Structure formats: structure tokens, C-alpha cells
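Encoded as C-alpha cells, the structure appears first; notes follow it.
The values are calculated or read from the model by the stated rules, or taken from the named source; none is laboratory data. Bear in mind that the values here come from a model prediction, so they are computed numbers and not experimental data. Cβ atoms come from the backbone with ideal geometry, glycine included; neighbour counts cover every protein chain shown.
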């Protein structure tokens with residue numbers, strides 16, 4: 001069995017970006033600076049991992065790719081809004097992202113707050129344009145629960161409020177909510193839009209959650225390689241475990257993700273290859 | 001015909017606040033400070049005008065009040081998120097609202113950004129819990145269009161970017177998007193949730209839009225009475241018209257709002273009385 005992941009990812013990235021391009025306000029739309037800043041935030045690169053997972057979940061569930069396209073865009077718009085707000089001076093105070101100025105650095109703080117706000121709104125609007133309207137209420141509730149005050153925002157609050165020595169509890173909480181909740185939602189939105197049975201949705205959720213945890217551990221391991229001494233102390237899993245333990249943890253959660261793909265009705269080769277590929281970055 | 005508006009408003013306010021109380025995270029929910037700050041933002045007073053309009057529209061359309069309750073809460077949560085973000089130091093830099101410290105003044109800037117974000121998410125989640133799921137896609141798209149980058153946020157962007165002398169064009173744009181779009185959406189959400197026909201929805205939209213414009217003119221007239229000389233120049237209609245002209249404009253838009261309520265199948269007495277009451281504040 002050979003699966004050309006590199007080619008698959010390039011094709012899916014193009015597909016997602018074409019859709020994102022179409023759902024953003026056209027350049028020049030009044031107010032012109034808002035349209036420009038929203039496009040800068042969304043179209044300045046990124047691997048499009050979450051929307052690609054969303055589309056892959058629809059196919060793994062035996063559903064149609066096209067049915068999950070609005071959900072895939074919604075998850076990327078939602079993710080982008082969190083990055084725009086996380087970069088603000090009152091949060092992480094970052095001026096660069098992917099080699100480009102962050103939204104607040106280029107357009108000012110007030111505009112960055114409003115761009116993030118507008119991208120969140122657009123995420124829900126896009127989600128509500130899913131081709132099967134009968135699943136819209138479920139999709140909106142899924143995304144809102146993952147993104148809101150009991151999901152991503154809960155993780156971000158505990159992250160910024162963190163002071164002192166990290167504990168296993170706080171690491172688990174922030175990993176779950178700040179990262180894994182959105183990976184899990186990406187997978188679940190795709191699966192629901194693709195018509196997954198409750199049973200298959202459950203298995204795909206296990207994949208999404210484990211992949212999200214693995215992603216964050218791998219991210220911490222990669223960050224440790226290039227850490228600067230003047231960085232503020234961060235909630236990294238390496239504060240509570242050795243590198244060897246973190247490697248083992250990443251391997252274990254990746255294996256759990258892949259194992260949960262057994263017996264699904266659709267093509268699971270892409271989701272399997274993606275999990276292997278993420279892990280390979282630290283091995 | 002006597003309609004006891006004062007009693008009606010008090011009853012509806014209680015109804016809306018009971019629902020809002022129930023959909024917010026309970027005090028103590030982790031992260032506790034987020035729950036506390038979200039509750040502070042939403043439960044610190046306010047006339048609840050937009051949700052009351054939403055419920056009134058459902059009834060004017062001949063529908064059931066209960067069907068519009070989630071939409072009513074959603075519109076108030078959405079409105080509250082915009083206030084929390086508008087108060088931020090990088091926007092209006094306000095430390096007091098309704099005699100209470102603003103969210104950023106009490107909980108810090110980062111928390112205020114996240115509280116606003118979480119309230120927007122909760123607005124869409126609440127809306128998706130409408131009892132008639134078949135209208136959910138329409139409701140979500142309506143609210144998103146009114147609230148997003150072509151609605152309230154467009155108005156706010158042009159407001160904060162405004163410099164120099166106000167023109168009729170910029171005043172009309174900001175009045176329409178920053179204020180009237182959400183009044184119109186409040187009415188439309190209630191009408192749709194209440195099962196309004198397309199024809200009646202159209203008439204109610206005219207009411208909502210005119211009432212929103214009237215509300216903003218009246219707000220400008222009331223502000224002018226208590227303006228401080230050190231306030232930054234603002235986009236008030238009094239910059240382009242006399243007080244007499246503004247009074248006439250408020251009267252005219254209020255009359256247009258009330259006229260559009262003719263021939264609706266439900267009880268229009270509350271919406272009529274509300275429009276008269278708002279206008280009476282400046283006469």
C-alpha cells in the first residue's frame with residue numbers, strides 16, 4: 001500500500017484555500033481596510049491541517065468531501081480568529097506569524113480585535129451554509145462548544161493566567177482545551193457533515209482528540225529545539241516530563257488515534273498517513 | 001385602547017434575564033474567572049431592548065413567544081460582546097458602563113477580549129438551540145450577516161477610523177450598520193422563529209430598521225444634553241443637521257416603523273407602544 005501524502009496535502013490545501021478565498025469579503029469591499037486585514041489574516045499561509053482533517057473525516061465516514069467543505073472552511077476561520085486575538089499585545093504580544101506581520105502589527109490593535117471578531121462570525125455563517133441543512137443545528141452546537149468558554153477559550157484563559165510551576169493537571173487542561181478540542185471538532189464536523197453513524201462518529205472523535213494531544217506534544221518537542229532564553233515560561237509538557245517520556249507520550253497517542261480508524265466504512269488512508277507524518281517530525 | 005407598556009417591559013425583562021442566567025456558565029465553572037467575567041458582562045443591567053423586540057416580533061407575526069426565546073438571548077449575548085470589545089482601551093477606552101466597571105477595567109484586557117469572544121460563541125450556540133431546528137440555518141445566517149464584517153463590525157470599523165468632518169454618507173453608514181443592523185436582526189430573528197410569512201417578515205424588517213435609526217438619532221439628541229467638552233469628536237447626526245431637523249428625522253423614522261406594523265396577524269400593540277416610548281424620551 002502506498003499513499004502519496006505529500007501530493008494529497010497539496011491538493012487539499014489548494015481546495016481549502018480556493019473555498020476560503022471565496023467566502024472572504026472581496027478586496028475593496030467597504031470597509032476596505034477590514035476586508036484587506038481579514039484576507040491578510042486568513043490567506044497568509046498555514047498548512048490548513050484542521051480543514052484537511054475535517055474533509056478526511058467526511059471521507060473516512062463514507063461521506064462526500066463536498067458536504068464537508070463549508071465545515072472545513074469554518075474550522076479554519078475559527079482557528080484563524082483565535083490566532084489573531086492570541087497575537088494581540090495584551091495576550092502574547094507577537095509581531096510576526098509565518099514570517100509576516102501579525103494583524104495588529106500591520107493594521108493596529110483595534111482593527112485586530114475587530115478582524116478576529118468578524119472571522120468568528122464568518123465561521124458560523126459559513127458553517128450554516130452546509131449543503132445538508134438538517135445537520136446545521138448539530139454542527140453549530142459542536143463548533144460553539146469546542147470554541148467557546150468551555151473549549152478553546154477555557155484553555156486560553158488558563159494558559160494566560162498560569163503562573164508558577166506547571167502541574168500535570170494544568171498541562172492536561174490546556175492541551176485538551178486549547179488544542180485538542182478544535183482538532184476533535186474538525187474531525188466531528190467533517191464526520192457529521194459526511195453522514196457518519198453515531199458509532200463511527202465516536203471512533204473518529206477518539207482519533208481527533210488523540211491527534212490533537214499528539215500534535216501539542218510534538219509542537220512542544222520541536223519548540224524546545226529552538227527555544228530562546230528570553231521567552232516567558234510556557235506551559236510545555238517538558239516542564240513535567242523528560243524528552244524521552246514526551247516522545248513515548250506522542251507515540252502512544254498517535255497509535256491510539258490510528259487504532260480508532262479500524263472498521264470505518266470509508267477511506268482512512270489519509271488520516272492514518274497524516275498521523276504518522278506528524279509524529280515523524282520528532283523521530 | 002390602553003396598553004400597559006411599563007408592566008410589559010418589566011415582565012419581559014425578567015423573562016429574558018431568567019433565560020440569560022440559565023445559558024451562562026454557572027458561577028464557579030472552570031475557569032472560574034471567565035465564568036464570573038461573562039456573568040458580570042451580561043447580568044449587570046441593561047434595558048434588554050433588543051431581546052424584547054425579538055419576542056415582540058414573534059408575537060406580532062402570530063407566532064409563539066417561546067419559539068423566539070433562544071433567539072432573544074442570542075441577540076442580547078451578541079450585543080453584549082460588542083459592548084465588551086468596544087469598551088477596550090484600544091477602542092473607546094471606557095472604564096464604566098451602567099455605573100459598573102467595564103470588563104477590562106475589572107478583569108484586565110486579555111480577559112475582556114476572551115469574554116467578548118466567548119459571548120459571541122455562546123450567542124450562536126444559543127441560537128442553534130431554537131425549538132424549530134428547520135429554521136436554524138436561516139437564523140444563524142441572519143445573525144451572522146447583521147453582526148459580521150458587512151454589518152455591526154463594518155459600522156464599528158468606519159466609526160473608529162473616522163477623522164475630520166462627518167458627512168451624511170458616513171453618518172448614514174454608521175447608523176445603519178452599527179445600530180440599525182442589529183435592531184433589524186432582532187426583529188427578523190423573532191419573526192422567523194415565530195413562523196412569519198415572507199410578506200410579514202418584510203414589513204417587520206421595515207419596522208426594525210426604522211426603529212434602529214430612530215433609536216440612534218434619539219441617543220444622539222440625549223447625549224447632546226449631557227456632552228462634556230473633553231469628549232472626542234463623535235459621529236453624531238447633530239454634526240450634519242440641527243436639533244430641530246434631528247427631532248423631525250426621529251419622528252419620521254418612528255412613524256415609518258409604526259406604519260409598517262399594519263395588517264400583521266398578531267398583537268402589534270407592544271411594538272407600537274415601544275416605538276412611541278423611545279421617541280417620547282426627546283419630546
(request) Quick one: count up the residues across segment A:93-108 that are free of Cβ contacts under 8 Å to residues at least 24 places away in the same chain and surrounded by 19 or more Cβ atoms within 10 Å (Cβ to Cβ). (result) 2
(request) Look at residue A:165 and say whether it is more than 8 Å from chain B (Cβ to nearest Cβ), assigned to a loop (DSSP other than H, G, I, E, B), in contact with a helix residue (DSSP H, G or I) (Cβ under 9 Å, 6 or more places away or on another chain) and surrounded by fewer than 24 Cβ atoms within 10 Å (Cβ to Cβ). (result) yes
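When you check residue B:264 against the structure, is it in a helix (DSSP H, G or I) and either modelled with pLDDT of 95 or more or under 22 Å from residue B:52 (Cβ atoms) (or both), yes or no?
Working: in a helix (DSSP H, G or I): no; either modelled with pLDDT of 95 or more or under 22 Å from residue B:52 (Cβ atoms) (or both): yes.
Considered against the rule, which asks whether it is in a helix (DSSP H, G or I) and either modelled with pLDDT of 95 or more or under 22 Å from residue B:52 (Cβ atoms) (or both), residue B:264 comes out as no.
Which of the residues spanning segment A:177-202 are more than 21 Å from residue A:128 (Cβ to Cβ) and either more than 11 Å from the chain's Cα centre (by Cα) or free of Cβ contacts under 8 Å to residues at least 24 places away in the same chain (or both)?
A:177, A:197, A:198, A:199, A:200, A:202
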(request) State all residues of segment A:101-115 that are over 20 Å from residue B:84 (Cα atoms) and within 12 Å of chain B (Cβ to nearest Cβ); if no residue qualifies, say none. (result) A:107
(request) Would you mention how many residues in segment B:25-74 are crowded, with 19+ Cβ neighbours inside 10 Å, part of a loop (DSSP other than H, G, I, E, B) and within 14 Å of chain A (Cβ to nearest Cβ)? (result) 2
(request) Could you tell me whether residue B:97 is away from chain A (no Cβ under 14 Å) and within 30 Å of residue A:159 (Cβ to Cβ)? (result) yes
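What do you reckon, is residue A:122 at the interface with chain B (Cβ under 7 Å from one of its Cβ atoms) and either within 24 Å of residue B:89 (Cα to Cα) or at pLDDT 95 or above (or both)?
So residue A:122 fits the description; yes.
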(request) Sort out which residues of segment B:267-281 are over 18 Å from the mean Cα position of the chain (by Cα) and either buried (at least 19 other Cβ atoms within 10 Å of the Cβ) or part of a helix (DSSP H, G or I) (or both), and write them in order of number. (result) B:268, B:269, B:280
(request) Pull up segment A:150-162, narrow it to residues that are more than 16 Å from residue A:238 (Cβ to Cβ) and over 17 Å from the mean Cα position of the chain (by Cα), then point me to the one that is farthest from the other protein chains (Cβ to nearest Cβ). (result) A:161
(request) Within segment B:130-149, track down each residue that is assigned to a loop (DSSP other than H, G, I, E, B) and within 7 Å of another protein chain (Cβ to nearest Cβ). (result) B:148, B:149
